[in-house]
Structures are given as C-alpha cells and as structure tokens.
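The values are calculated or read from the model by the stated rules, or taken from the named source; none is laboratory data. Quantities reported herein were computed from a predicted structural model and do not represent experimental measurements. Counting neighbours? That spans all protein chains shown, and the Cβs are built from the backbone with ideal geometry, glycine included. Quick note on the areas: whole protein, heavy atoms, side chains included, nothing else; ligands and nucleic acids left out. Shrake-Rupley method; radii C 1.70, N 1.55, O 1.52, S 1.80 Å.
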Amino acid sequence: MRNMRMSLAPRRAVAALAAVLLAGSVAACGNSDTGASGGGDDKIVLGFSQVGAESGWRTANTNSIKEAAAEAGIELKFDDAQQKQENQIKAIRNYIQQKVDVIGFSPVVESGWDTVLKEAKDAGIPVILTDRAVDSADKSLYKTFLGSDFVKEGRLSGEWLVENSKDATGDVNIVELQGTTGSAPANDRKKGFAEAIAADPKLKVIASQSGDFTRAGGKQVMEQFLKAHPKIDVLFAHNDDMGLGALEAITAAGKEPGKDITIITIDAVKDGMQALADGKFNFIAECSPLLGPQLMELAKKVHAGEEVPPRIETEETTFTQEQAKAALPDRKY
Ligand code: GZL
C-alpha cells in the first residue's frame, strides 16, 4: 500500500505541478502576446510607418511619436521607410499580418495607397494618417488625417514676401527648392506660395526644383540655381533643411544670405530658427512635428470604436527674425 501511496504521491505531485505550469503558461501567453490584435491583454498595438529620417522635422516627429506611445502605454511597432513608398507598403502589410490594433503612417507621396489601405480595411484594422495626406477618393480607407495645412504654410510664406517687396523696383527673381516630388507638402506649399505672390506681378519664380527635403539636396540644387541665374533675389525653400543646405552654396558663391538673397523657409526646427535669429533666414512658417500625443489619443479612440473627426489640423504660427530670437530659448525641437 505504502508503495502504492508512494507511487501515487509522485503522480499527484506531477499532476499538481503540471496544473500550475499550465495555468502559468496561459497567463504568460496572454501577457507576452504582442502581435495579435491586443492578444489577451488590454495593451493597444500601434503599427507606424514613418517616411524616413530626411530632416530635423522628421527626427522631431519620430521622437514625438515614440515618447507619446511610451507615455500612453501603447505598444509601438515602428518602421523607417527611408523615403521609399514600397517600404511603407511592405511595412503596412506586415502590420496587417501581425494583426496590430491600429495602423498609423505618414505617406511619403500622395498617390498609390488605395490597394494597401483596402487590405487594412478588409482586415478590420483602422488607419490614421499623420503629417501628410493621400489623394485616395475613398475617404473610408482611413479614420482621420492629423496634420498641417500645407497650402496655408505656402500662402503665409508668399504673403510675407508680397508685404516685404512693396519697395522693390523691377522684377524680384525667386528660386524655389521644392520638397519630395509628389508629396503633399511639396504640392501644397508650391500651390499656396504661387497663389499668394500672384498679387504682385514683379514677383517671378524663375526656377523651381526638388531638393527632396534634405540639406544635401538643398545645397546641390542651389549651386545649380546660382550657376544658371546671375540675379537671384529670393529663395523659397519648402523646409528649413533645404534652406540650411542652400546657405552653404550661397556663401560659397560670395553672396550674403538674408541680405543679398532673402530666404523664406517652412518648419521652424531649431537649426532653422537659429539661422533666422542670426539674420541668415528672413521668415519661417512653422510646421509642427509634435503630433505624437494627438496620435495616441486618436489610436485609443479608433480602437474603442469611437467616432473621430475626419480632419484634425495642427496649430502653428510664423516667425520673423525678431520673433525667432525671442522664441528660441523655449523651442522643444
Ligand atoms: C511636413 C513634413 C515635411 C517637413 C520636412 O509636415 O512632411 O517633411 O516640412 C519633412 O522637413 O521632411
């Protein structure tokens, strides 16, 4: 009997141990489940496809998203597409495969998204657009678009130039450094600027080319502009980084930026604001990259099935040289 008891005891112990292990593994599986739609826990999983790391603005935008996700207790899967649309489409498809709860992305260009966004919709995964828009006719492919009004940024830039060119005698020759070809900010800033300067026929855009939002691109294209056009009065750059790259070319050509050539840019990142405060830039229209906290609030709402506004415009302002000097100490990015 004893032997029996003895033989029974280990079996009971094994059964008890197995039960504990089984219970533990089920619990562990629920806690460590990161890919499926929320798994057995309440942690929202957000898959985000970022344009790249092309500018100071983009770096600040990425930091805002990562910090806000941590703050909000949202598990962030993050992909840097290196400014290639095919990489963004691949990342979105991966997120669909992983059954994330919400997909967020900043589309590098406006067109070519309908197929992959329909795949996300068919998979029941809500999509939030941030920063840049898409030109899809089907607005049901995403829940909302959180970002700036780029046409307004271009218009404010042009209006400042009209206001500050009143005393000019003869034509004012403008060269334009466009952002990434096909991107919403490039298309819209160009449109807004052109509409504004139409108010004064003296203001003429004599050359316009993409510098792809990078410092290197801005420098390279500005060198070409300076070689081709002996009289350049104004540079309008679609972002600070291309303006900062252009500064090197302007200085190398023996001209004084901010004086010989008036420089207008968009973004208001710290390096741009420093150039403005130093008198090398003349005007900046702000484009805020700090979209992280609003993105996380929107992710929670769409995950909970709550209605959200189809368009949420970020608040921003403009800066002159004097305003930049005053604002610089408090700039977050
Ligand atoms: C604008 C953003 C643009 C910035 C650039 O919201 O998409 O992309 O103006 C950045 O600096 O590269």
Conditions (1) away from the ligand (no atom under 11 Å from the Cβ); (2) within 25 Å of the chain's Cα centre (by Cα); number of the one not met by Asp149: (1)
Evaluation of Gly218 against (1) of a type outside the set (A, V, I, L, M); (2) closer than 19 Å to Gln274 by Cβ; (3) surrounded by fewer than 17 Cβ atoms within 10 Å (Cβ to Cβ) (one fails), failing number: (3)
One residue from Pro293, Pro289 being under 23 Å from the mean Cα position of the chain (by Cα), away from the ligand (no atom under 16 Å from the Cβ) and of a type outside the set (D, E, K, R): Pro293
Conditions (1) buried (at least 20 other Cβ atoms within 10 Å of the Cβ); (2) in a loop (DSSP other than H, G, I, E, B): number failed by Leu46: (2)
Qualifying position, being within 13 Å of the ligand (Cβ to nearest atom) and without any contact (Cβ under 8 Å) to a residue 60 or more places away in the chain, among Ala137, Ala133, Ala123: Ala133
Candidate set: segment 175-213, residues that are assigned to a loop (DSSP other than H, G, I, E, B) and crowded, with 17+ Cβ neighbours inside 10 Å; chosen: the one farthest from the ligand (Cβ to nearest atom): Gly211
Residues that are more than 16 Å from the ligand (Cβ to nearest atom), in a loop (DSSP other than H, G, I, E, B) and not basic (Lys, Arg), drawn from segment 219-277: His229, Pro230, Ile232, Asp233, Ala253, Gly254, Glu256, Gly258, Asp260
Residue in segment 162-183 that is under 19 Å from the mean Cα position of the chain (by Cα) and either of a type in the set (Val, Ile, Thr) or modelled with pLDDT under 95 (or both) present: yes
Pair list, Cβ < 8 Å and 6+ apart or interchain, from segment 206-233 residues that are under 23 Å from Val51 (Cα atoms) and not assigned by TED's automatic domain parsing to the domain that holds Asn164 to residues that are more than 15 Å from the ligand (Cβ to nearest atom) and outside any helix (DSSP H, G or I): none
Total residues in segment 88-134, condition in a helix (DSSP H, G or I) and open to solvent by 40 Å² or more (accessible area, probe 1.4 Å): 10
Selection status of Ala70, of a type in the set (A, V, I, L, M) and assigned to a loop (DSSP other than H, G, I, E, B): no
Some residue of segment 294-305 being in a loop (DSSP other than H, G, I, E, B) and surrounded by fewer than 23 Cβ atoms within 10 Å (Cβ to Cβ): yes
